[in-house]
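Bear in mind these aren't lab numbers, they're just calculated from the coordinates by the rules spelled out. Being a predicted model, the structure only gives us computed values, none of them experimental. Positions of Cβ are backbone-derived with ideal geometry, glycine not excepted, and every protein chain shown enters the neighbour counts.
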Amino acid sequence: MTKKVFVQTFGCQMNVADSSEMLDALALRGAQETADIDDADVILVNTCTVREHAEHKAVSYLGRLEKWKAARSGRVIIFAGCAAQRLGEKLKKSYQFLDIVAGAKGIENFGGVLDESGLFGTERGGDIIKKSAVTDFVTVMRGCDFKCSYCIVPSVRGPVKCLPPQEILARVKTLAERGVKEIVLLGQTVNAYKYETTDFADLLEAAAAVPGVLRVRFMSPHPLYMTPKLIEVIKNNPKIAKHVHLPAQSGSDKILKDMKRGYDGKMLLDTINALKAAGILVSTDIIIGYPGETEEDFNDTLKLVDAARFSFAYCFKFSPRAGTCAALKNAVSDKDVVKRLDILLNKVKGYAAAAYDRAVGTKQEVLVETPYKGRASGNLWVKFPAKQASGNIVTVLIKKSDGTLLYSE
Ligand code: 5AD
Ligand code: SF4
């Protein structure tokens, strides 16, 4: 009998792409996806551990599955991803109803793990043909070779492994043939991609040249690899989105050095300015309350935000992660962190609204995602007055902004 799989994904876009790959491996073993957990025989939980909160969410979700499993015999629970990598064996002891642990490092061998478990058929089914979304993700590199002092990713995902360009482009072609219009190239430090003589700028251009692909984005680059060549390619290739999500983390030289980010505030701002001069919108990630962050350091971060005027920023409270060197240092008081976060969020919101407001009166190329909404090249949301066909790019004049949404004619 065909097993039905319910997939629950937590965390970043990398996990979304990994879930899709794991689902393909399950499909090859005769399983099929279902959107109804009560109907499912198998649940695949793909987890995140980047901050403590994410890990708690994953583990508490797992705890709630005991009842689900008991409700019907033969049900299977697969706990996968980054939290599984970190906690795996320990969890198997305390949650005995857990069947399979598949850590993020072993994703290439997920099929082997399924076969070893003996819980899946050996009859070969097909590749899962998902209903084609407008946007889909393609992993180009796994792991990370940086050792940022706060970050648990290198320990749960391992060192960098870049996939061969032929394999990546074949995947892009398959997705485009299924009707996907926008491809997001993924990697922990995606622009550090290098395979023989192919660098990330080459790969980006090659992906954009695949027939049927209307737009290419990427996540997440590291500022150190934001080369002039890459900026030129983004600027000049009409199929590459004019938006870069560039994690800054802090604006303080002292904190950046302690974080081992490899750049200081000036280098970072130079890169941001080069991107903006090329007509590219820049968004970012910022960590607040990193150990040792003083009022002065925080003010340097605010100064960076003022100078960069990010189109968007994710702001995180520092979360100590076991095994990282920042976790051993003295924490900033919660009161200060909350206060700083509040100030930062207000500022960030103001610049995000300004990015929307600046687009009023301009013409934008918008990829239609739902009948009345789409995303402009710079990743701003646009609402249409009349129905549009999903998956098309329409050129529209922006009439109005409410600070979070643009309205077209
Ligand atoms: N605490 C808070 N934020 C973190 N990030 C990574 N590790 C931590 C941590 N320990 C943030 C960074 C990164 C984003 C994906 O998550 O800003 O860019
Ligand atoms: Fe973590 Fe730094 Fe690697 Fe990003 S570059 S995944 S923050 S270690």
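Quick one: net charge around V156, please, counting Lys, Arg +1 and Asp, Glu -1 for every other residue with C-beta under 9 Å from its C-beta.
Net of charged neighbours comes to +3.
At a 10 angstrom cut-off on C-beta neighbours, averaged per residue, how do the peptides 159-167, 250-258 rank from highest to lowest?
Order by mean packing, descending: 250-258, 159-167.
Given +1 on the Cβ of Lys and Arg, -1 on the Cβ of Asp and Glu, and no further charges, what dipole in debye does segment 4-117 carry about its Cα centre, rounded to the nearest 20?
500 debye
Over segment 111-245, what relative contact order in percent results from Cα pairs under 8 Å that are six or more residues apart?
22 percent
Among 218-230, 347-359, how do they line up by average Cβ neighbours within 10 Å per residue, starting with the highest?
Ranking, from highest mean packing down: 218-230, 347-359.
Just report the Cα centroid separation between segment 313-352 and segment 159-197, whole Å.
32 Å
Multiply the residue separation of D115 and T174 by 0.36 nm, subtract the distance between their alpha-carbon atoms, and state the gained length in nm to one decimal.
Taking 0.36 nm per residue and subtracting the Cα distance, the gain is 18.6 nm.
If I stretch the segment between A206 and K399 completely, what's the gain in nm (0.36 nm per residue apart, minus their alpha carbon distance), one decimal?
Extending this stretch completely gives an extra 66.0 nm.
For K335, go through the aspartates and glutamates and keep the ones whose alpha-carbon is under 17 Å away, minus same-chain ones fewer than eight residues off.
List returned: E293, E295, E296, D297.
Using a cut-off of 20 Å between alpha-carbon atoms, which lysines can reach K373, once sequence neighbours fewer than 8 places away in the same chain are excluded?
Partners found: K131, K181, K239, K242, K363, K383, K387, K399, K400.
Output the peptides 108-121, 236-249 sorted from most to least packed, where packing is the average of other Cβ atoms within 10 Å over each peptide's residues.
236-249, 108-121
Within segment 11-104, which trypsin sites (Lys or Arg not before Pro) sit in a loop by DSSP and count at most 15 neighbouring Cβ atoms inside 10 Å?
R72
Report the normalised scattering of the chain as log10 I(q)/I(0) at q = 0.09 Å⁻¹, calculated by the Debye formula with identical scatterers on the alpha carbons.
The Cα Debye sum returns log10 ratios of -0.60.
Can you tell me the relative contact order of segment 4-117? Whole percent, Cα pairs under 8 Å, sequence separation 6 or more.
26 percent
Classify segment 152-217 as rounded, prolate or oblate from the Cα gyration tensor: take a ≥ b ≥ c as the square roots of its eigenvalues, call it rounded if a/c is under 1.5, otherwise prolate when a/b beats b/c and oblate if not.
prolate
Could you grab the relative contact order for the chain? Cα pairs under 8 Å, six or more apart, rounded to a whole percent.
Relative contact order, the chain: 10 percent.
Using the Cα centre as the reference, give the magnitude of the dipole from point charges on the C-beta atoms of the chain (Lys, Arg: +1; Asp, Glu: -1; all else neutral), rounded to the nearest 20 debye.
560 debye
Give me the Kirkwood hydrodynamic radius of segment 130-241 in Å, from all C-alpha pairs, to one decimal place?
Value: 14.3 Å, from the Cα pair sum.
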